[in-house]
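**Student:** Would you mind keeping the following structure in view while I ask a few things?
Each reported figure results from applying straightforward, stated rules to the coordinates on display, with no laboratory input. As the structure is a computational prediction, the values presented were derived from the model and not from experiment. Cβ atoms come from the backbone with ideal geometry, glycine included; neighbour counts cover every protein chain shown.
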Amino acid sequence: MTRQSTGDDDKAERVWAAMRNLVASHPRKELIRDALDLGRGSGRVKSLMWLSEGPLSLSGLAEAIGVDAPYATLIVDSLEERGLVERQPDPEDRRRKLVSLTPAGTEAVIRVIQIDRQAPPGFAALSAEELDSLHEMLRRVAAWRAPAPGDGEPG
């Protein structure tokens, strides 16, 4: 089924804007900040999430979260003060430190994941069938790929 490109484009843009507004209005960052008492900024949460995949050097963490090394050090200092991470010598290079989660850090990551999975309250107004339909539509939108040139589409 091919969409017409007149009014359907306007509808698609309106739906996309509504989806973006829905996501933007859901206070995910604030909920995480309140639950974990990590202060403002997203570097601490990003660091916890990256470290949940395994220990990283400070420079590796800085690269992963997109900050410079001195700022990564400040983030790690803050997380370490809260008991969420610890530094240990790298067994392959004792001059370098690896940062890893503590058990409390692992619990914090689990809490972030729980908050991320919480749907905005409006989803409760949808029936199971409506949620199934919405899920299927979003799956199709996410899976759609533009036809490659020469795939029979008029050029």
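**Student:** Quickly estimate the mean residue ellipticity at 222 nm for the chain, helices only: each DSSP H run with n ≥ 4 gives -39500 (n - 2.57), and the total goes over all residues, rounded to 500.
**Tutor:** So the helix-based figure for the chain works out to -18000 deg cm²/dmol.
**Student:** Quick one: angle between helix 69-81 and the longest Cα principal axis of the chain, in degrees between 0 and 90, rounded to 10, please.
**Tutor:** The two axes meet at around 70 degrees.
**Student:** Can you list which of the trypsin sites (Lys or Arg not before Pro) found in segment 1-106 are DSSP loop residues with at most 11 other C-beta atoms within 10 Å? Don't skip to the answer; put the middle values down first.
**Tutor:** Details: sites: R3, K11, R14, R20, R28, K29, R33, R40, R44, K46, R82, R87, R94, R95, R96, K97; in loops: R3, R40, R82.
Sparse-neighbourhood loop trypsin sites (Lys or Arg not before Pro): R3, R40.
**Student:** Next question. Once all Cα-Cα distances of segment 25-141 are split into 10 Å bins that start at 0, what whole-number percent is in each one?
**Tutor:** Answer for segment 25-141: a P(r) of 13, 37, 24, 16, 8, 1 percent.
**Student:** On to the next question. Mind checking the angle between helix 7-25 and the chain's longest principal axis? C-alpha axes, 0 to 90 degrees, to the nearest 10.
**Tutor:** Helix 7-25 and the main axis of the chain meet at about 30 degrees.
**Student:** Follow-up question, since we're still on this one. Roughly what angle does helix 103-117 make with the longest principal axis of the chain, taking Cα atoms, 0 to 90 degrees, to the nearest 10?
**Tutor:** Value to nearest ten degrees: 10.
**Student:** Could you work out the relative contact order of the chain? I mean the mean sequence separation of Cα pairs under 8 Å and 6+ apart, divided by the number of residues, in percent.
**Tutor:** 18 percent
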